[in-house]
Structures are given as structure tokens and as C-alpha cells.
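Q: This structure is in C-alpha cells; I'll ask about it shortly.
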There are 2 protein chains.
Amino acid sequence: MFDSTLSAIGERDWDTGAVDEPVRIATVGCGNYARSVSLPAMAAGAYATPTVAVSGDPDTRATLADEFDVTALDYDGYEAGAATDDYDAVYVATPNRLHLPHAETAARHGKHVICEKPLEATVERAERLVAACDDAGVRLMTAYRMQTDPVVRRLREFVADGGIGAVQRAFGDFTFPVLGGGGDPDQWRLDRELAGGGALYDVGVYPINTARFVAGDDPAAVSATTRSPDPAFDEVDQHVDVRVEFGGDDGWVGNFSASFSGQFNTELELLGTDGRIAVRSAFEPGADREVTVETDAGTLEFAGAGADETVAEFDYFAHAVATGAAVEPDGADGLVDMRTLAAVQESAASGQRVEL
Amino acid sequence: MFDSTLSAIGERDWDTGAVDEPVRIATVGCGNYARSVSLPAMAAGAYATPTVAVSGDPDTRATLADEFDVTALDYDGYEAGAATDDYDAVYVATPNRLHLPHAETAARHGKHVICEKPLEATVERAERLVAACDDAGVRLMTAYRMQTDPVVRRLREFVADGGIGAVQRAFGDFTFPVLGGGGDPDQWRLDRELAGGGALYDVGVYPINTARFVAGDDPAAVSATTRSPDPAFDEVDQHVDVRVEFGGDDGWVGNFSASFSGQFNTELELLGTDGRIAVRSAFEPGADREVTVETDAGTLEFAGAGADETVAEFDYFAHAVATGAAVEPDGADGLVDMRTLAAVQESAASGQRVEL
């Protein structure tokens, strides 16, 4: 493992190269994250290209049309089927509770869907979203960018190969000061109805889903607590702490946390019977993952892999659409997390462990 | 803080220098830890000195008498008051359930007590132990060596000074493969009656107590899960995961874990509103604490402080005995953890959050 680590990180293990024409993507919902991260990533990639952007704001439409050379639509136009010849797939990046109608529209137009995480604001609505795509015969990917991060994928291989023995435990944290740096206090992330939850839904899903992905096991039970001492977060969880009992041979436990305030922090650790993996800047968009792997054979540290997981994310989706390849973070994967998030909320409210 | 860190770590902030004669210590229970860590630490210190050792094994008595130049007694001799003129205090390092009778004997002889953690195998027995020392008017210190670790004490000051803002969260793990490296499968740590619990009691108490110490808050509620997939641990918890809700202004949460098998690991993290502290080799006896402090002012990394916390532990105790200074890890401090451990076991059994 130690010799092959860096070279393997450079490889896109899923890439057959069999994509002749870029997959054209309409972005529905053009908030800050879509504008600053997702659209540039599509533009930078080899297999995806942004061709349409949907926004309710005329200024945003004008800016995006200019910056990314896309056809800019309002929501009525999108619903009515404007410019459907100009895109093959839809990237849904609206507030969580609006994922369902926009994905339904995409499915109705016969367009494939890549939908931001979590899939929706409730399990029931997420199930309807998955069913709409299934019924229409379009592909659905849940936009878990960490699953296409080259470093994370290499760590998954290392774990699957027994590199740290059996996984015993994970730790993870994503603290994102959502109101720091001029963050809008009226944003949808703080609206329970639109978001479904607070730090748990927006950032807590990262350590949970990434640990699932790297270890290859799903949650079997959860216990959680939430707290919102700051009145700005009166509708949603400001802080959440979750203990997830995972399935697998002997079972194992993940202790995860997320916050909407505090010092920015993203980290993930996996402790095994024979080793430890620690990742700093684990979930920060486009960040250099700083990785430490400790086993009896020695300690490996690496950084500077230099790959952008969001570029890979849209290329991965486009590659799957173009070639028919399987999508790992599919609707079913997204639903596992939706059910986990609901169980976390139930546990936090009752103080009891909840089985899945 | 950044300039003064290393120099401050060298200081013993509690040391008045007002100790004329070393405090003579009888060690009761001479297992591997006492022989390899505690007795050498007493011998190396300035204020404590080993003068008596109590063991049930004739070979151990002979070896210790030779190696540390101590009077070696059997348990009958200790009980009967042999050599009481040769020691001022007793270090109790037997299996947990034997702490009470040996501390009672010390108190009956008018000797001060430093007792290994956790204080006993049950809350009720620990309360009797504390009462026995109180009634006899002798000092009692719970042997939390991390509370005398110079690096940990400096971090506590930094946190108290607002160095990372308000504490929001802690993570900690102590994984100690108790059967690795020829560990005895018949040892008392795997005996529920003698130990009171498994990984939780033996090593889980480290992250819990150290987080309490550094942050200055006590547990208000716990939720926990334990598991013992390996039949070697059928009487005790092989793995434990604990979420502790701490008091304080806004409250905060610690996610702690401990294991009796797996890759050796000790670590502690504190996340605050304005910074993060991470300590590697956090609880390893005599290890170099590798510390990272991240704030908006920059990142500070330090290691190589070179102090042995167990030498400091016995000197701290001896200094308090000799000068009458307060002992922070006193019986009351040890009882807080005993009640927390009991609540953890109750929560793991019921699946419910337990308030303290």
C-alpha cells in the first residue's frame, strides 16, 4: 500500500474513457454553493458541461448567463419545458424541501438527475423523489461529493483490503459557522420547513455518509442529542452529536458531530483492529486532504493530492449517464441517510436509542 | 499564549518548594503497572519516595526489595500494621474492588492515601472509601495522572483563558489492547466482580476525566453503548462509546470511546467557538504529548515537552501531604467519575439517556 498510495490517488478508478460528448447539465437552484463550487466544477470537468441555469432572480440569471455561457431560465420556464433540447440532466441544488418538485419536473422531461444531499426534507418526500426517477427511467445520483473524492476512494480500497484490520470505530466532525463571514440569517438552512433539519441535515450527513462509504456498512441503530443555545437557530439544530451503531460482522460504532457555529472544522477518523486513519480537512470543498495512516508497519502521511472532488463528482455522474455505468451514491444510498437522519431526530427528541 | 507555551510547560504551577523531607510511600498491590510505571516514578521524584511494597507473591516481594530498596510486606503484615513507622502514605494499586479494604487499612493506620482510578468497583464502595479517609482525617487523592501532566495543565489554562472560546465539543479515545503483547487472559481487568467494568473502567475514564479537567465542567447526562464481540471479554465491556452532556453556560458534549482490543490509540480533542486543540498520545504513560492548537491567529504545534506526568503525580501528592495544599483530583472528583461510569453502564443496558 505505502508505495502505491500516491500514484493510485491520481487514478479515476471508475473512468472507462468511453464518453464521446459531454453530458449537458441544467442547474436548478443557483445559491452560493452552486455558483461558487458546482458550476465551476462542471465547467472544469471533462464529461459534464453546464448549459442551463435556473434561478428566480433576474440578476443571478444575467450573471450566470455571462459567466458560464449558459441559457438562464426562471422556474416557470423550467417547469414548462423551456430549453429541454439544451440539457441532458438536471442538477438539483435548491433548498431540501424543493428537491422533490424539481426532480419530478426533470423526470417528466426525461432528464437524468443529480440531486444535492440530503435527498429531501423528509423520508416520505425523498421516497417519492426516488420513485419519480425510477418510474420515468432516468438516472438518479445523490450528490455525495466525498464518494468521488480520489483520496477517500483510495482509503476505501485500503480499508477493504484489510489495511487497518476490521473497523472498530469512527469519529467525524463537520463544524460550519453558517452565520460567519456575513452568512445570511434569513437563509433556508435555518428554516425547519425548507431544510428538514439544521447542522445534522446540512453538514452532519458528511461524516455519516463518508464513514458508511469508506467502511462499507450501514447504520443499524442511532442515539443522538441536539442543542441550539443560540436563538438564531431556534427552528433547527445548531449542534448535533450522533452515535451510530453500524452493522457488519462484529458491528462497530461511529461517533459523529456537526455544528452550525464554532471554529470551522472537518475531520474523519477510522480506528481498526490493526490501524488508524485520520483525515484533516476531510469534507472541505476542494481542500487538500491531510491523511495520516498508522499501522504496525509504520506511519504514512500524505497531502497535496491536488484533486477536486466536485469536478470528479460531475464527471462521475456524466460518465454514468453516458455509459450506463452504475452510480454508487444512488437514490437507495440517499434514502439510507434520510432514514438515519429521521432516526437521529427521533432519538434526540426521546433520549432513546432508535433502531433502523 | 504562543510565545509562552513551551516555557510555561516546564513550570510546576503547584510547586511551592516547601517540602523538607520526602513523603514515604507504601505501594499496596504491585502489578505490572505499579512495578513498571508508578514505583520508578516515585523513585525518580523529588518529594515522594518508595519505602514499602505490599505484595502477595514472595518472588515479587524479593524483586521489589532488591530493585527499589523497600521493605516488602505481605497483605497480612500490611493489615496488622507492620512497618507503619516506615511510611507516611499508601498508594493503592490493587484491582478496583480491593481499593476499599486497603484504603480503610491505610486510614486506620493514619496514613494518607493515593488511590488508583477508578476509585472502586461500585459507587457505594467508592463512597465508603472516601468516607473512611474523611473520618480518619487523612488526605485522599484519586490517581488521575493526566491532571498532573504539565502539557495538560497548560492546555487547561489556555482553555480557561478563552484560548479556543467556549468549549463546544470534545472527542477522546483510549484503545488499549489488554491481551496484546502477551497480556494475561486471567487478569483482573477482565473480571467483572474485581474490576467493576471493562474498557470503560480501566481506560475510558481517561478521556472523560481529562476532558472534565481541561474544560472545568462536570457531566450532566450520558448515553452509551457497549459491546463485547470477543468471548474473552464476556464479563466486561470490550468496547464502549459514551456521549457525555456537560454542564456549563450553554452546555457542551463529549464523545468518548475506549476499547480493550484494537490498534493502540490515545487521543483527545476539544473544539471551541474559536479554536481547536488536538492531542495525540494523549493518555499514554510518559509519552510525548503531540499537541496541535488551531485558532484564527494560526496553528501551533508542539511536542517534546519531555515531562513525565507520573513523576509529577506522586510529587504533587507528596507536596500536598507535606504542605497541606489542596488536591484537585480528590475523593469528590473520583466520585463524580464513579457516578458517571455507573450511569454509562445503566444507559448501555437500557438504551436510554441517563441524567446525573
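The values are calculated or read from the model by the stated rules, or taken from the named source; none is laboratory data. Treat the numbers as computed from the prediction; the structure is a model and nothing was measured. All Cβ positions, glycine included, derive from the backbone under ideal geometry; neighbour counts span all protein chains shown.
Q: What number of residues in the range A:207-235 are more than 13 Å from chain B (Cβ to nearest Cβ), in a loop (DSSP other than H, G, I, E, B) and not small (G, A, S)?
A: Counting residues in the range A:207-235 that are more than 13 Å from chain B (Cβ to nearest Cβ), in a loop (DSSP other than H, G, I, E, B) and not small (G, A, S) gives 4.
Q: Does the range B:245-255 contain any residue that is out of contact with any strand residue (DSSP E or B) (no Cβ under 7 Å at 6 or more places or on another chain) and more than 27 Å from B:G162 (Cβ to Cβ)?
A: Start the filter on the range B:245-255 by keeping residues that are out of contact with any strand residue (DSSP E or B) (no Cβ under 7 Å at 6 or more places or on another chain), which leaves B:248-250.
From the residues that got through so far, the ones that are more than 27 Å from B:G162 (Cβ to Cβ) too are none.
The answer is no, given that none of the residues of the range B:245-255 is out of contact with any strand residue (DSSP E or B) (no Cβ under 7 Å at 6 or more places or on another chain) and more than 27 Å from B:G162 (Cβ to Cβ).
Q: Testing A:G204 on (1) assigned to a helix (DSSP H, G or I); (2) within 11 Å of another protein chain (Cβ to nearest Cβ), one condition comes back false. Which one is that?
A: Only one criterion is unmet by A:G204, namely (2).
Q: Still on this model: Checking A:P185 against (1) in a strand (DSSP E or B); (2) at pLDDT below 95, which test does it fail?
A: All conditions pass for A:P185, except number (1).
Q: Can you find, within the range B:147-188, the residue that is nearest to A:F176 (Cα to Cα) among those that are of a type in the set (S, T, N, Q) and out of contact with any helix residue (DSSP H, G or I) (no Cβ under 6 Å at 6 or more places or on another chain)?
A: Initially, the range B:147-188 is screened for residues of a type in the set (S, T, N, Q), giving B:147-148, B:168, B:175, B:187.
From the residues that got through so far, the ones that are out of contact with any helix residue (DSSP H, G or I) (no Cβ under 6 Å at 6 or more places or on another chain) too are B:168, B:175, B:187.
Working: B:Q168: 13, B:T175: 29, B:Q187: 46 Å.
So, considering only residues that are of a type in the set (S, T, N, Q) and out of contact with any helix residue (DSSP H, G or I) (no Cβ under 6 Å at 6 or more places or on another chain), the one nearest to A:F176 (Cα to Cα) is B:Q168.
Q: Tally time: how many residues in the range A:294-342 are in a helix (DSSP H, G or I), more than 20 Å from the chain's Cα centre (by Cα) and among the aromatic types (F, W, Y)?
A: From the range A:294-342, those in a helix (DSSP H, G or I) are A:309-323, A:331-342; that's our starting set.
If we keep only those that are more than 20 Å from the chain's Cα centre (by Cα) as well, we get A:322-323.
Those left that are additionally among the aromatic types (F, W, Y): none.
Total meeting the criteria: 0.
Q: Tell me which residues, restricted to the range A:159-182, are in a helix (DSSP H, G or I) and within 14 Å of chain B (Cβ to nearest Cβ).
A: Kept after step one, since they are in a helix (DSSP H, G or I), are these residues of the range A:159-182: A:159-160, A:180-182.
Correct list: A:V159, A:G180, A:G181.
Q: Is there a residue in the range A:92-100 that is aliphatic (A, V, I, L, M), over 30 Å from A:V293 (Cβ atoms), outside the structural domain of A:I277 (by TED's automatic domain parsing) and in a strand (DSSP E or B)? Give the steps one after another, and end with the answer.
A: Within the range A:92-100, the subset aliphatic (A, V, I, L, M) is A:92-93, A:98, A:100.
Then keep just the ones that are over 30 Å from A:V293 (Cβ atoms); that gives A:92-93, A:98, A:100.
Still in the list and also outside the structural domain of A:I277 (by TED's automatic domain parsing): A:92-93, A:98, A:100.
With in a strand (DSSP E or B) added as a condition, the list becomes A:92.
Scanning the range A:92-100 turns up at least one residue that is aliphatic (A, V, I, L, M), over 30 Å from A:V293 (Cβ atoms), outside the structural domain of A:I277 (by TED's automatic domain parsing) and in a strand (DSSP E or B).
Q: Criterion first (without any contact (Cβ under 8 Å) to a residue 24 or more places away in the chain and more than 22 Å from A:A89 (Cβ to Cβ)) does A:A342 satisfy it?
A: Values: without any contact (Cβ under 8 Å) to a residue 24 or more places away in the chain: no; more than 22 Å from A:A89 (Cβ to Cβ): yes.
Against the criterion (without any contact (Cβ under 8 Å) to a residue 24 or more places away in the chain and more than 22 Å from A:A89 (Cβ to Cβ)), A:A342 does not qualify.
Q: Can you give me the number of residues within the range B:208-239 that are under 18 Å from the mean Cα position of the chain (by Cα) and among the β-branched types (V, I, T)? Before you say what the answer is, go through the steps one by one.
A: Of the residues in the range B:208-239, the ones under 18 Å from the mean Cα position of the chain (by Cα) are B:208-219.
Restricting the remaining residues to those that are among the β-branched types (V, I, T) gives B:208, B:210, B:214.
Looking only at that region, the number is 3.
Q: Considering only the range B:183-190, I want to know if a residue exists there that is of a type outside the set (A, V, I, L, M) and within 13 Å of another protein chain (Cβ to nearest Cβ).
A: To start, the set of residues in the range B:183-190 that are of a type outside the set (A, V, I, L, M) comprises B:183-189.
Among the residues that remain, those that are also within 13 Å of another protein chain (Cβ to nearest Cβ) are: none.
Within the range B:183-190, not a single residue is of a type outside the set (A, V, I, L, M) and within 13 Å of another protein chain (Cβ to nearest Cβ).
Q: Also, I was wondering about something else. For the range B:68-91, give me each residue that is among the hydrophobic types (A, V, I, L, M, F, W, C), part of a helix (DSSP H, G or I) and farther than 26 Å from B:T323 by Cα.
A: Let us first name the residues in the range B:68-91 that are among the hydrophobic types (A, V, I, L, M, F, W, C), namely B:68, B:70, B:72-73, B:80, B:82-83, B:89-90.
Among the residues that remain, those that are also part of a helix (DSSP H, G or I) are: B:68, B:80.
B:A80 - this is the single residue of the range B:68-91 that is among the hydrophobic types (A, V, I, L, M, F, W, C), part of a helix (DSSP H, G or I) and farther than 26 Å from B:T323 by Cα.
Q: So which residues in the range B:22-48 are without any contact (Cβ under 8 Å) to a residue 40 or more places away in the chain and over 23 Å from B:N96 (Cα atoms), if there are any at all?
A: Across the range B:22-48, the qualifying residue is only B:A43.
Q: Going residue by residue through the range B:279-300, is there one that turns out to be at the interface with chain A (Cβ under 7 Å from one of its Cβ atoms) and of a type in the set (S, T, N, Q)?
A: no
Q: Scan the range B:25-34 and give yes if some residue there is in a strand (DSSP E or B) and closer than 17 Å to B:A320 by Cα, otherwise no. Full working, then the answer.
A: Step one: filter the range B:25-34 for residues in a strand (DSSP E or B), giving B:25-28.
In the following step, the residues that additionally are closer than 17 Å to B:A320 by Cα were identified as B:25-26.
Yes, the range B:25-34 has at least one match.
Q: Shifting gears a bit: Given the options A:P22, A:P40, name the one that is under 30 Å from A:W188 (Cα atoms) and not aliphatic (A, V, I, L, M). Lay out the reasoning, then the answer.
A: Working: A:P22 fails: under 30 Å from A:W188 (Cα atoms).
Selected residue: A:P40, the only one of A:P22, A:P40 that is under 30 Å from A:W188 (Cα atoms) and not aliphatic (A, V, I, L, M).
Q: Go through the range A:257-278 and give me each residue that's touching a Gly at 6+ places or on another chain (Cβ under 6 Å), assigned to a strand (DSSP E or B) and more than 7 Å from every other protein chain (Cβ to nearest Cβ).
A: A:A258, A:L268
Q: Could you tell me which of the residues A:V222, A:V311 is at negative phi and buried (at least 24 other Cβ atoms within 10 Å of the Cβ)? Give the derivation first.
A: Numbers: A:V311 fails: buried (at least 24 other Cβ atoms within 10 Å of the Cβ).
Going through A:V222, A:V311 in turn, the sole match is A:V222.
Q: To continue, here is another question. Could you pull out the residue among A:G306, A:G247, A:G254 that is out of contact with any Lys or Arg (no Cβ under 9 Å at 6 or more places or on another chain) and within 14 Å of chain B (Cβ to nearest Cβ)?
A: Of the residues listed, the single one that is out of contact with any Lys or Arg (no Cβ under 9 Å at 6 or more places or on another chain) and within 14 Å of chain B (Cβ to nearest Cβ) is A:G247.
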